[in-house]
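> The structure's right below; bear with me while I get my questions together.
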Amino acid sequence: TAVMLSGFCAILSILCSVITPRILGDAINILLEGSVRIMNHTGTIDFPKLFYILLIIGILYLLNNIFSYLYENYTKRAASDIIYALRERMANKVLSLPMDSVDENHRGYLLSLFTTEFRLLNTAFIYSFSKLTITLITIILTLSFMIIINIWMAIIVVLVVLLTSGIISMLLKFSQRHYHKQIAAQADTIGQVEEIYAGQEVVRSFNYEEQALEEFIHNVKVWNTHEWKSRFFSSMNYPIMNFNNNLGFVLVAIFGGILVVQGIMSVGRILTFIEYLNNFEDPLQQITEMYPQLQGGIVAADRIFNFLEMEEEENPSDKKLKSFNDEIRFENVSFGYTEDKKIIDNFNLTVKKGEKIAIIGENGAGKTTLLNLIMRLYDIDSGKITIDGVNINEYDKHSLRSFIGMVLQESWLFSDTIEENIRYGNLESTYDEILTASKHANADAFIRKLPDKYKTILKEGGNNLSQGQKQLLTIARAIISQKEILVLDEATSNVDTRTELLIQEALDKLMENKTSFIVAHRLSTVRNADKIIVLGKGRIIEQGNHEELLAQKGYYYNTLKSQKNS
């Protein structure tokens, strides 16, 4: 609606501005004709008619201003609606991308899309796309009135414009080429700044400040180089258009003077044509001046829509997983992030409901990948995973994941209160339920020592808490979610021994009567598992309970022995 109203007001505003010069020409002719009659003593100026025409001109100017205001207002409203809709689509796209696409697009790229590109697009739409629309309509209507006055003079103007437009279009190609490279370098720079800021501890602990600065300077230098080249080619448009304007006025003055002498046109009509020429060439001048903004908007829109056109995570089934009663089975499962390298290779395992399965092995053996496959964050290449005999590929992914709770090594928390971070596991949970979950997770004690207790606002990633405290909150979140299947990936890593005991106690409460998959490097945390499997190159090389694996004196036995001695 706002777009339609904007276009309607634009047309009315332009009609008022285009009709005005023609009527003004009539007023000039009345003054000239009256002056001639006064000089020849044959009459005087027709003041009633002149005042009538001037009144109409005044009304047209007033209407032009009113419709221009309405046009600007509706245009800004339409731009805000469009940008809002695009941001909403972007947010939905981020949440619906398959995991391999998420892995390919680093956070700096996404931040650039949400900040720089949307700012450029918003600026271009409000200050350039909208003006371009009204400019094109002005050019078309003005040219139409110029043709009505004198077609040959109109042809002269068009030929001059076509000559300069050809030169400008060549320059714009060079400018746009560098602008694309400028935006890419800008995104790289923003991404680097975000990574360096987030990883300050690593940067400083490894004395990487100098190298980080060098990389930053290099990225800024590339950004600067393409930016000034883009602006250099864009800035050449102004003198070319200025030459076009001057040449057009000279040719119209010469040709118009000849027509006046020959009595073909009146002076008023020549002045009207010159005014139309100004109305015709001013918009062209504005187009060249607004081109950098237009260019930025075009490039930004291209990057945004390329992202929006990325394939979303496939979820073809709407079949709901309603219950889990018997077992989870892996049958000849194979998977690789690339076609030439298998991470999981012909994997077979049966897990009964309520069992605790520990998964251990060297780095890169496929432990975390196996957990990702259970949650269908990635789909397997061959084989199948079944729940109660039904292939999980037959279920709606969201339905499947609603049965799975997880506690990961990266205990990610949101910039919100502790209460809301725990409630994230179950949005319908009450404060009392959050309190109970926190107590079970051994988190209540440290939360109550904080100044605002459960209302404490966490910084990004929960950086105002220790690693152990963050992990306890994620366990509380998992407890309150009450999922039947649990995925625990290195949940006790990177914490001290005392905190590890608290976390382990909380995990034991969390896993009561749950089917659990536990990935761990510290074998002391998995000795009570019902079954321990040792992965090697995506296959099970050992499996059994703690005593059985000790008796085999293989990988598990040797690793446990080395950890005790360390």
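> Could you tell me which of the pairs 76/459; 483/553; 353/439; 93/531; 320/449; 397/561 are separated by over 31 angstrom between their Cα atoms in the structure shown?
Over 31 Å apart, Cα to Cα: 76/459; 483/553; 93/531; 320/449; 397/561.
> Additional query: Please list 42-50, 354-362 highest first by mean number of surrounding beta-carbon atoms within 10 Å per residue.
Ranking the peptides 42-50, 354-362 by packing returns 354-362, 42-50.
> Okay, next question. Around residue 315, which amide H atoms from residues at least 5 apart in sequence, or from another chain, sit under 5 Å from its own amide H, with H modelled in the peptide plane?
none
> Run the simple label-point estimate for residue 530 and residue 553 please: 7 Å along Cα→C-beta, distance reported in nm.
Distance between the two pseudo-spin positions: 3.1 nm.
> Using modelled backbone amide H atoms (1.01 Å from N, in-plane), which distant-in-sequence or interchain residues come within less than 5 Å of residue 406's amide H?
487
> Right, next: Which order do the peptides 344-351, 513-520, 375-382 come out in when sorted by mean C-beta neighbours inside 10 angstrom, highest first?
Most protected by this proxy first, the peptides run 513-520, 344-351, 375-382.
> Using a 1.4 angstrom probe on the protein heavy atoms only, could you order 541, 503 from most to least accessible area? Show your work: numbers first, answer last.
Details: 541 100, 503 0 Å².
Most to least solvent-accessible, the answer reads 541, 503.
> If amide hydrogens are placed 1.01 Å from N in the peptide plane, which non-local residues have theirs closer than 5 Å to the one on residue 539?
Residues meeting the amide H criterion: 345.
> A follow-up question, please. Could you rank the peptides 542-554, 391-403, 316-328 by their average count of other C-beta atoms within 10 Å per residue, with the highest value first?
Numbers: 542-554: 14.7, 391-403: 16.8, 316-328: 12.7.
With the highest mean Cβ count within 10 Å placed first, the list reads 391-403, 542-554, 316-328.
The values are calculated or read from the model by the stated rules, or taken from the named source; none is laboratory data. Model, not experiment: these values are computed from the prediction. Positions of Cβ are backbone-derived with ideal geometry, glycine not excepted, and every protein chain shown enters the neighbour counts. Note: areas computed on protein heavy atoms with side chains; ligands, DNA, RNA excluded. Shrake-Rupley method; radii C 1.70, N 1.55, O 1.52, S 1.80 Å.
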